[in-house]
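Each remark here refers to the structure printed beneath this line.
The values are calculated or read from the model by the stated rules, or taken from the named source; none is laboratory data. Everything numeric in this text was worked out from a predicted model, so none of it was measured. Positions of Cβ are generated from backbone atoms using ideal geometry, with glycine treated the same way; all protein chains shown enter the neighbour counts. Protein only, heavy atoms only, side chains kept; ligands, DNA and RNA dropped before computing areas. Shrake-Rupley method; radii C 1.70, N 1.55, O 1.52, S 1.80 Å.
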Amino acid sequence: MEVIIAPAPELARLAADAVERVVRTAQHPVIGLATGSSPLAVYDELVRRHTEEGLSFAGVKAFMLDEYVGLPADHPERYRNVIEKEIASRIDIDPADVHGPDGLAEDIPAACAAYERAIVDAGGVDVQILGIGTDGHIAFNEPGSSLASRTRIKTLTRQTREDNARFFDGDIDQVPEHCLTQGLATIMSARHLVLLATGKGKAEAVHHLAEGPVSAMWPATILQHHPHVTVLVDDAAAGRLQLASYYREAFSGKPAWQH
């Protein structure tokens with residue numbers, strides 16, 4: 001696991017670099033998209049590279065991490081609509097190549113199994129963008145989630161619903177209680193994981209992610225078992241890291257060819 005501590009604009013650039021590398025070099029590029037606040041600057045940077053530098057997403061397939069259950073198809077906070085607004089409609093990706101779990105499916109288990117097959121059939125995710133919740137969840141894998149889980153329905157914790165109420169006019173009662181989410185094992189199948197976290201509120205979760213024991217109580221800690229993880233954090237989110245000085249030294253002394 002590589003931990004990089006830098007200002008937020010630099011974090012967005014580094015994450016966009018990882019995505020661009022896959023888009024330009026993979027024969028059949030597949031990217032994993034996350035929602036929430038953390039990836040927004042990354043998407044803005046990718047859109048800038050598309051419009052100003054000619055980065056094309058034609059032929060790229062994209063898979064979303066999760067989706068609320070039961071939100072109407074036209075609801076602005078339905079994650080498929082959020083991804084459309086924040087990045088898909090702003091680049092040249094084919095809308096048919098943007099995939100997400102079906103939160104309106106009548107047969108939820110079948111929809112989850114179909115989503116798993118779709119990822120496998122696409123060749124797997126080359127680079128997956130991730131955020132992290134204040135309680136250490138990634139995607140919607142809440143504390144207590146199986147470390148071997150696959151795409152499934154989950155009940156959201158009150159903490160997550162409180163955190164996400166800001167997207168629903170501050171009203172927790174408008175936040176759905178259930179979601180479909182890629183499982184931890186599904187996420188771990190991606191070839192490169194890029195996790196972003198900013199702000200003091202993420203400091204405890206980042207500490208457990210990078211330096212704590214692997215535990216279902218802090219689901220993101222499973223990433224310690226992945227061979228290629230990049231954790232991008234600002235000073236505030238790095239506030240609880242015991243090895244912060246080492247992480248800074250390691251990145252500043254990194255050979256140019258490794259960047």
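Contact order for the chain, expressed relative to its length and based on alpha carbon pairs under 8 Å spaced 6+ residues apart, stands at 25 percent. Per residue, the average separation of C-alpha pairs within less than 8 Å and at least 6 apart gives region 177-259 a relative contact order of 35 percent. Against the criterion of solvent-accessible heavy-atom surface with a 1.4 angstrom probe, M217, M64, M1 sort, most first, into M217, M1, M64. By the rule of a C-alpha distance below 26 Å, with chain neighbours fewer than 8 residues away ignored, the lysines paired with K61 are K85, K154. The modelled label-to-label distance for the pair D94/A148, using points 7 Å beyond Cα in the direction of Cβ, is 3.7 nm.
In terms of its C-alpha gyration tensor, region 185-241 comes out oblate, because a/c is 1.5 or above while a/b does not outweigh b/c. Global dimensions of region 62-112 from alpha-carbon coordinates: Rg and Dmax equal 11.2, 32 Å. If you take the square roots of the eigenvalues of the alpha-carbon gyration tensor of region 105-259 and sort them as a ≥ b ≥ c, do you get rounded (a/c under 1.5), prolate (a/b over b/c) or oblate? Judged from the Cα gyration tensor, region 105-259 comes out oblate (a/c at least 1.5, b/c at or above a/b). Rolling a 1.4 Å probe over the protein heavy atoms of region 1-122, with every protein chain left in place, gives an accessible area that is 52 percent carbon and sulfur. Computing log10 I(q)/I(0) by the Debye sum over Cα atoms at q = 0.08, 0.15 Å⁻¹ directly from the structure and comparing it against [x] -0.37, -1.07; [y] -0.34, -1.17; [z] -0.29, -1.10 singles out [z]. Under 16 Å from the 7 Å Cα→Cβ point of E77, by amide nitrogen: which residues of region 25-60? It comes to 35-38, nothing else.
Charge dipole (Cα centre; +1 on Lys/Arg Cβ, -1 on Asp/Glu Cβ; no other charges) of region 123-259 amounts to roughly 400 debye.
In a Debye calculation with equal point scatterers on the alpha-carbon sites of region 42-195 and no solvent, what is log10 I(q)/I(0) at q = 0.09, 0.15, 0.20 Å⁻¹? Treating every Cα as an identical point scatterer, log10 I(q)/I(0) equals -0.29, -0.83, -1.45. Let me check against my output: what whole-number percent is the relative contact order of region 117-242, with C-alpha pairs under 8 Å and at least 6 apart? Relative contact order, region 117-242: 32 percent.
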